[in-house]
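Here the structure comes first, spelled out in structure tokens, and everything after it is commentary.
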Amino acid sequence: MTNKFNLYNLNYMKRHTKNQCMVSILLLALAILSIVQADDSNEKAKHVIIISCDGLRPDAVEFLGPKWAPNFHRLINEGAHTHNARTDFNYTVTLPNHTCMLTGRGVVGESGHAWTENGTPKIGQMLHRNKKAYVASAFDVAHDHGLRTGLYSSKDKFVVYDLSYNERSGKPDTTGEDNGKDKLDNYHHNEKTEELIKTFTDNFANNPYGLSMLHLRDPDTSGHAHGWDISSRSVYIYAVSKMDWIVGKILEFIESNEKMNGKTAIILTADHGGRLETKTHTKSDEKLNYTIPFYVWGAGVGEGLELYDINKSTRKNPGEINPNYQSAEAQPIRNGDAGNLALSLLGLPSIEGSTINNKQDLKVKKSAIKQ
């Protein structure tokens with residue numbers, strides 16, 4: 001009897017221990033799932049600001065260093081970045097590249113946005129009429145999902161986007177509730193960037209934007225006047241320092257606003273670089289013209305990450321070259337990634353007809369659980 005009783009107890013304890021283990025494993029799995037779900041919810045930003053520093057060369061930020069460009073380096077240290085991103089393959093000028101950012105397309109070809117002009121549009125000119133087909137933008141997606149949109153520019157030629165996405169030229173909203181055809185809720189131009197920033201932050205504080213773009217002209221203006229001079233006390237370096245100051249103001253604004261703090265992401269890039277000798281940037285096959293920075297910071301973004309390091313399966317560091325869009329190898333990170341990246345940070349789908357980052361596979365954060 002004693003042996004049978006002990007054997008019964010032993011079997012019971014084994015079954016009980018096995019059940020406890022199964023319960024523990026189940027609880028652990030549920031805990032991990034809740035952590036992943038919480039992490040996923042934190043990845044979604046409520047506000048994304050695309051900042052374009054016109055004519056910003058990444059080596060200017062490196063030249064200034066953390067001491068003289070603390071805010072650029074804050075974006076680097078607290079976010080994900082590369083100093084070897086690329087412009088469009090065929091064009092290294094302002095409007096074609098900003099159109100790449102907003103539409104997720106290259107310039108030329110059947111899938112390109114086709115906008116090659118770089119001046120203030122004439123009466124009747126707009127992206128769709130030029131392409132002879134509607135060219136959707138990140139503003140379309142954000143607006144049609146019920147978010148406010150805004151574009152603040154320091155060059156008057158950016159009016160082409162207001163002309164292309166207003167209540168007359170915008171595409172009907174067929175996503176959920178009808179939010180109208182006007183995809184750009186607010187367009188504002190002021191060539192004085194200090195005043196532009198003040199208007200932007202005041203308007204943002206009163207009625208926050210889900211998606212906005214802020215264009216800053218100073219590095220480009222100084223580069224054309226004095227050359228892209230990477231040396232102490234140059235006019236160009238002073239302009240880049242001013243951009244750093246403006247970035248600091250934007251960061252202060254975000255962190256002082258309860259609605260934005262911890263819920264806002266910044267994507268900062270440029271439309272082109274430039275050369276000292278020629279004071280231009282039009283030759284698209286010159287490295288100093290097509291090499292640009294790409295910074296991502298804020299909600300949903302990891303800290304201290306190099307973008308090529310965490311995107312090895314989808315992007316390739318191009319080294320010294322600017323590969324074309326048909327390259328057999330993985331594409332470099334381009335300013336054209338910005339539009340679909342902004343939407344993915346907002347938890348929204350990609351731009352209709354886009355080809356750059358259409359799969360929204362540009363990662364700005366390491367995976368929560370490694371496979």
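The values are calculated or read from the model by the stated rules, or taken from the named source; none is laboratory data. Worth saying up front: this structure is predicted, and the values here are computed from it rather than measured. Using ideal geometry, Cβ is built from the backbone for each residue, glycine included, and neighbour counts are taken over all protein chains shown. What goes into the accessible areas is simple: the full protein's heavy atoms, side chains included, and nothing from ligands, DNA or RNA. Shrake-Rupley method; radii C 1.70, N 1.55, O 1.52, S 1.80 Å.
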Roughly speaking, what is the centre-to-centre gap between segment 162-182 and segment 320-371 when only Cα atoms are used, to the nearest Å?
25
Rounded, prolate or oblate: which one fits segment 270-355, using the alpha carbon gyration tensor with axes a ≥ b ≥ c (rounded when a/c is under 1.5, else prolate when a/b beats b/c, else oblate)?
prolate
Among the listed pairs K132/K181; K183/K259; K155/K192; K316/K363; K157/K249; K131/K157, which have their C-alpha atoms separated by more than 20 angstrom in this model?
K183/K259; K157/K249
Separation between Cα centres of segment 44-58 and segment 277-305, rounded to whole Å
11
Net charge of Cβ neighbours under 14 Å - reference N340; Lys, Arg +1; Asp, Glu -1:
+1
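With the full set of protein chains in place, find how many percent of the accessible area of the chain is carbon and sulfur; take the probe as 1.4 Å.
On the way: 9330 of 17610 Å².
The computed percentage sits at 53.
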With angles folded into 0 to 90 degrees, how steeply does helix 193-206 sit against the dominant principal axis of the chain? Use alpha carbons for both and round to 10.
40
Using 5 Å bins from zero, what percent of all Cα-Cα pairs in segment 103-252 falls into each bin?
2, 9, 15, 17, 18, 16, 12, 7, 3, 1, 0
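Taking only protein heavy atoms and a 1.4 Å probe, what accessible area per residue, in Å², does segment 50-195 have with all protein chains in place? The partial results should precede the final answer.
Details: 5720 Å² over 146 residues.
That works out to 39 Å² per residue.
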Between K157 and D178, what is 0.36 nm times their sequence separation minus the Cα-Cα distance? Round to one decimal in nm.
4.6 nm
Area projected by the alpha carbon convex hull of segment 96-174, averaged over all directions, nm²
5.3
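What ranking of H47, H188, H215 comes out by heavy-atom accessible area, probe 1.4 Å, highest first? Spell out each step's value before the answer.
Values: H47 20, H188 55, H215 0 Å².
So the residues, ranked largest to smallest area, are H188, H47, H215.
Of the beta bridges DSSP finds with both residues in the chain, what % are antiparallel, to the nearest 5? Provide the component values of the computation, followed by the final result.
Details: 10 of 34 bridges.
If we restrict to bridges inside the chain, about 30 percent are antiparallel.
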What is the packing order of peptides 167-180, 268-281, 232-245, taking the mean over residues of other C-beta atoms within 10 Å and listing the highest first?
268-281, 232-245, 167-180
Projected onto their principal axes, the Cα atoms of segment 210-321 stretch, largest extent first, over whole-Å spans of 46, 36, 25
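Mind pulling the per residue volume of the convex hull built on the Cα atoms of segment 126-166? Å³ is fine. Intermediate values should be presented prior to the final figure.
On the way: hull volume 2.7 nm³, N = 41.
Taking only Cα atoms, segment 126-166 has a hull volume of 67 Å³ per residue.
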Cα-based equivalent ellipsoid, segment 169-237: semi-axes from gyration tensor eigenvalues, Å:
36, 15, 10
Suppose we look only past 25 Å in the calculated P(r) of the chain. What percent of the Cα-Cα pairs does that tail hold?
55
Over all viewing directions the Cα convex hull of segment 79-128 casts an average projected area in nm² of 4.6
Please state, to two decimals, what the Cα-based radius of gyration of segment 322-371 comes to when divided by 2.2 N^0.38 Å (N = residues).
1.26
Probe of 1.4 angstrom, ligands and nucleic acids ignored: what's the accessible area per residue over segment 255-371, in square angstrom?
46
Dipole size in debye (nearest 20) for the chain around its Cα centre, Lys and Arg Cβ +1, Asp and Glu Cβ -1?
1200
